[in-house]
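Step one of this worksheet: look at the structure below.
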Ligand code: FES
């Protein structure tokens, strides 16, 4: 199992390795609109564990240019381990 920690709320959520993170992020209160990496409503800041997320999608590269510590939650899957997120 992988784990997401939402630093805003100190909430920890476990999910199977390889899962999209959208559903747990939605439950935590992150707003989603397009779910296609276009609108930017689901921007998250990755505080720790960026390597545990799948690589940025083309939609994220188009959105951010250079992807550093921000991601679009609708585009990310968690591979394994723990990822700390702020939103
Ligand atoms: S919901 Fe629109 S970019 Fe993620």
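What follows draws every value from the coordinates through simple rules; no lab data is involved. It should be emphasised that the depicted structure is a prediction, and the values quoted were computed from it without experimental measurement. Cβ coordinates were reconstructed from backbone atoms using ideal geometry, including for glycine residues, and neighbour counts include every protein chain displayed.
Looking for something surrounded by 14 or more Cβ atoms within 10 Å (Cβ to Cβ), under 17 Å from residue 3 (Cβ atoms) and within 13 Å of the ligand (Cβ to nearest atom) - is there at least one such residue anywhere in the stretch 74-84?
Yes; the residues of the stretch 74-84 include at least one that is surrounded by 14 or more Cβ atoms within 10 Å (Cβ to Cβ), under 17 Å from residue 3 (Cβ atoms) and within 13 Å of the ligand (Cβ to nearest atom).
Residue by residue through the stretch 41-66, note down the ones that are part of a loop (DSSP other than H, G, I, E, B) and away from the ligand (no atom under 13 Å from the Cβ).
49, 54, 55, 65, 66 - these are the residues of the stretch 41-66 that are part of a loop (DSSP other than H, G, I, E, B) and away from the ligand (no atom under 13 Å from the Cβ).
Could you list, in sequence order, all residues of the stretch 5-39 that are without any contact (Cβ under 8 Å) to a residue 60 or more places away in the chain, assigned to a loop (DSSP other than H, G, I, E, B) and away from the ligand (no atom under 15 Å from the Cβ)?
9, 10, 16, 19 - these are the residues of the stretch 5-39 that are without any contact (Cβ under 8 Å) to a residue 60 or more places away in the chain, assigned to a loop (DSSP other than H, G, I, E, B) and away from the ligand (no atom under 15 Å from the Cβ).
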